[in-house]
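Below: one structure, written as structure tokens.
The values are calculated or read from the model by the stated rules, or taken from the named source; none is laboratory data. Just so you know, these numbers come straight off a predicted model, no measurement behind them. All Cβ positions, glycine included, derive from the backbone under ideal geometry; neighbour counts span all protein chains shown. Each accessible area value is taken on the protein alone, full model and side chains, heavy atoms only, with ligands, DNA and RNA left out. Shrake-Rupley method; radii C 1.70, N 1.55, O 1.52, S 1.80 Å.
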Amino acid sequence: SWQVENHIPHIQCDKLLRIIKPYHPELPKCTKTLVQTDRNKVQLLEVPPGYYKHFGIRNGLVKVFEMLSVGQTIRGVLPIFVGIDDLKLHNSSTSQFTAIVGFIPSFPDSPPFEIGVFHAYSKAQSSNVLLTTFITEAVLLYDAGFEYNGENVRVKISALICDAPARATVICTKGHASDLYGCSKCTGSGVNFGQLRTNQSFWDKECGQHHHEASIVENLFYFDMVNDVPLDPMHLFDIGIMRRLLSFLFGSKRGRNIRRVTLPNATQISIDNFLVSLRKYISRLDFARQPKSIKHLGRWKASELRIFLHYLGVVVLKPYLPKAFYDHFLCLHVAVKLLSCVEWCVNDNEQAKCFLRRFVRQSERLYTMNFLSYNVHALLHVADDVLRFGPLYSYSAYRFENHYGLMKKYLRKNDKPLQQLVKRLDEEKRNSLPSEKRLENGSINFTNIHVNGPINLNAEIVVRQFKRAEKIGVWQVTCEEPDNCIFLNDLSVVIVRNFVETDRNQRLVIGQKIFGPRKPL
């Protein structure tokens, strides 16, 4: 389990086995024997110009059910999200995966699972041929289902989550580069809102210029080819709009410096210094990455662009942007915040839609025609997707992108990557720890014992002190900056100073209320 879960290469584990085998003769000499590697040849399906391995929707669901110890009866039809994307394996080669990955939205803590993976040195010649096995199983699982714990479980593909190029490839339509027929939601482009496409108009091919050919996804008769293929928030807002807006404001190496738009060098340096100075206040537990310098804008990851859009931009840009540009950015910021909240995304959906329309209309006037793109136009349709699927990042590609990164960790060399992936996943299935030995999500743990205080609790006798508290799968807090600032349920802001355990086996938090309703802690 240690070898598999930490992705220890076989060569290194072999060396460890040779060292400890004299003391534990029952251990094998070879890692392949230890982890029960399947020695049979991996069976692959030939899909020009490469090979495809179908892991199966049913097998993935059973794996997740067993991992989560799902014991309750699953009634009705189980909806799943499916992400499809290309994954470049090496910088020095065109070797790539096309991964089909599933996720169960009704179990938010569940991990994504592999449905199928295609490998080649170029894209598949036909997306319909590539998806044939996947769609065939999806149709069968909806019609007949499968048995689990004595119950029949039927499965429904409720959403296909892809970036713009992959979405166009899967549903066989014009791509985002098409000026007039690229939008998958309407017949408009740029700032113009066209006639909405419908599932029936898609099937009837009413706009013939929008389609290349019939898509095999249409075999899923229950699947809405327009509304069940949402615009992915990660690629749309973070990598798309936010990167484009910042590249116009700060210029780029390709010479994108626009008069009266690109900020002067002195202003850029001031913003950069301000942004970098905020790093020490940004929690490393809540945010995957700290913001980089503006000088490295081209290397910013999606999560860095996201933190700027949601949190930093309103503070960093306010003193330096002209009012019209700052108000324009606020339209995007407020709309995203509204659409990211469980309550606001429904109650204030129309308000968010108005902000996005204003952002699109003003983009041409402020940033010139060059700013308008497929992503800018797509903002007009995001609010409708939220009404169908929930808050923005509940259906984003972030969890799929994280899983694609994990898939690359299974690879040890350039040769036969798909066979390597199949064998590593099989080893993981054979050797992972049983679910009952894992910590359950929702349980609270205090860790990192210390003796530095403070411990002023009047009559309470403190037995132990801790630096960190964690609710597994939900949140983490420490008593050290910058990870010690929290909200209470009444929206009071509290700085955590210590976590303690008393002689009565009570676990308490010692903190300082900064502001909020006047209630005792």
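Rounded to the nearest whole Hz, the Karplus-based 3J(HN,Hα) values (6.51 cos²θ - 1.76 cosθ + 1.60, θ = phi - 60°) of region 30-45 follow the sequence 10, 5, 4, 6, 4, 9, 6, 5, 5, 8, 6, 5, 6, 8, 10, 9, with x at glycine and proline.
Based on C-alpha pairs under 8 angstrom that are at least 6 apart in sequence, the chain has a relative contact order of 12 percent. Return the loop-located trypsin sites (Lys or Arg not before Pro) in region 158-215 (DSSP other than H, G, I, E, B) with at most 14 other Cβ atoms within 10 Å of their own Cβ; answer none if there are none. Passing both the DSSP loop test and the Cβ count: LYS205. Given their separation in residues at 0.36 nm each and the Cα-Cα distance between them, ILE455 and ILE19 gain 152.2 nm when the chain is fully extended.
For the pair ALA324 and LEU285, label points projected 7 Å from Cα toward Cβ lie 4.5 nm apart.
Remark: region 209-218, residue by residue, has Karplus-estimated 3J(HN,Hα) of 5, 7, 10, 8, 6, 5, 9, 5, 5, 5 Hz, where x stands for each Gly or Pro and the curve is 6.51 cos²θ - 1.76 cosθ + 1.60 at θ = phi - 60°. Amide H contacts under 5 Å for ARG497: ILE510, GLY511, GLN512, restricted to partners 5 or more places along the chain or on a different chain, H placed in the peptide plane at 1.01 Å from N.
Using the beta-carbon distance between GLN512 and THR94 and R0 = 56 Å, what value does 1/(1 + (r/R0)^6) give for FRET efficiency, to the nearest 0.05? For R0 = 56 Å, the calculated efficiency reads 0.50. Heavy atoms of the protein chains alone define the surface here; on that basis the chain has 52 Å² accessible area per residue at 1.4 Å probe size. Once the Cα-Cα distance is subtracted from the 0.36 nm per residue extended length, the THR267 to LYS32 segment shows a gain of 78.7 nm. Taking DSSP loops as anything outside H, G, I, E and B, show the longest stretch in the chain free of chymotrypsin sites (Phe, Trp or Tyr not before Pro) there with at most 14 other beta carbons within 10 Å. Longest stretch, sites excluded: 223-521.
Starting from one equal scatterer on each C-alpha and no solvent at all, send me the Debye-based log10 I(q)/I(0) for region 1-111 at q = 0.11, 0.20 Å⁻¹, two decimals. For region 1-111 at q = 0.11, 0.20 Å⁻¹, log10 I(q)/I(0) is -0.63, -1.17.
At q = 0.13, 0.22 Å⁻¹, what log₁₀ I(q)/I(0) does a Debye calculation on the Cα points of region 208-273 give, no solvent, two decimals? For region 208-273 at q = 0.13, 0.22 Å⁻¹, log10 I(q)/I(0) is -0.61, -0.98. Amide H to amide H distances under 5 Å link PHE55 with GLY116, VAL117, where only residues 5 or more positions off or on other chains count and H is placed in the peptide plane. Per the Cα gyration tensor, the chain maps to an equivalent ellipsoid with semi-axes of 38, 37, 24 Å, ordered largest to smallest.
Shown for region 33-96: the carbon plus sulfur share of the solvent-accessible area, taken with all protein chains present and a 1.4 angstrom probe, equals 48%. Computed from backbone phi, the HN-Hα couplings of region 176-191 come to 5, 6, 6, 5, 9, 10, x, 5, 7, 10, 8, 8, x, 7, x, 8 Hz, rounded to whole numbers (Karplus: 6.51 cos²θ - 1.76 cosθ + 1.60, θ = phi - 60°; Gly and Pro given as x).
Once you have a ≥ b ≥ c as the square roots of the Cα gyration tensor eigenvalues for region 187-326, tell me rounded if a/c is under 1.5, and otherwise prolate or oblate according to whether a/b is larger than b/c. Prolate, because a/c is 1.5 or more and a/b exceeds b/c.
Only helices enter this figure: runs of n ≥ 4 DSSP H residues, each worth -39500 (n - 2.57), summed and divided by the residues of the chain, yield -9500 deg cm²/dmol at 222 nm to the nearest 500.
Here each label is just a point 7 Å from Cα along the line to Cβ, and for ASP384 and ARG39 those points are 5.9 nm apart. The stretch between VAL314 and GLN125 holds 63.5 nm of extra length on full extension. This uses 0.36 nm per residue minus the Cα-Cα distance. Taken over the C-alpha atoms, region 314-374 has Rg and Dmax values of 12.6, 36 angstrom.
Within the chain, the longest segment free of exposed loop sites, counting GluC sites (Glu not before Pro) that fall outside DSSP classes H, G, I, E and B and have at most 15 other Cβ atoms within 10 Å, spans 27-205. Close amide-amide hydrogen proximity is noted between ASP232 and CYS162, each under 5 Å apart and 5 or more residues distant or on a separate chain (H modeled in the peptide plane; Pro and chain starts excluded).
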